[in-house]
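Just below is one structure, and these are the notes that go with it.
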Amino acid sequence: MSSDQFTRRLLITNLIMLLAIQIAVAQDPVKGKALFTANNCGSCHKIDEQMVGPALGPMVTMGHKEDYLISWIQNNQALIEKKNPEALEIYNKFNQQPMPVFSNLTNKDVKDIISYIKTEWKTMQPANDDKHSKGKISERNLSADNTWAIIGLVITLIIAFLIIVMLNKTIARLEGLLLNRKKTLPKKQFSKKKR
């Protein structure tokens, strides 16, 4: 395989990896709304008001990390049994009202639901003015964290690509030097000395 073919294949591989990362990180609020409705979340929760459970807009934008929210939604009872401080605080705050376990939801499903909640919460913000200004700040921080993670991955891929291209060129030059050296070296003639 020539140096150019290798570089092309490497570039295509990196582009495919970048696209896969982008797809994996992307969240779909439309699918999230469908999952929110299908799992009957609205019977206990509203985006902007407390019902049986907390208002979800502030919950997903203020203080709770996405990994924690995924664990809570998929199996809050396990977090409570493990005496997780955040889980116990929420559980006790809402009169130890058990929330259903949604083990049927994948991490991507929960991320889509969170994306739907964030999108809805964002559209409600102008109507709520200063009442939920902390939610806006936290949401920006979460978005910034996700953005920096994506930027970090892209930069890592670019650096890896450049290192591989440079190594490939160096190897090609060394091969060329070795071939030229072989051609220019005179053949040694061994004398047949008797001992």
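The values are calculated or read from the model by the stated rules, or taken from the named source; none is laboratory data. Please read all numbers here as calculations on a predicted model, not as lab measurements. Remember, those area values only see protein heavy atoms, side chains included, never the ligands or the DNA or RNA. Shrake-Rupley method; radii C 1.70, N 1.55, O 1.52, S 1.80 Å.
A few points about this structure:
- Area accessible to solvent at ILE155, 1.4 Å probe radius, in Å²: 90 Å²
- Look at the alpha carbon pairs under 8 Å that are at least 6 residues apart: their mean separation over the length of the stretch 64-112 gives a relative contact order of 48 percent.
- Probe 1.4 Å, accessible area per residue of the stretch 4-102, Å²: 63 Å²
- The solvent-accessible area of PHE102, taken with every protein chain present and a 1.4 Å probe, is close to 30 Å².
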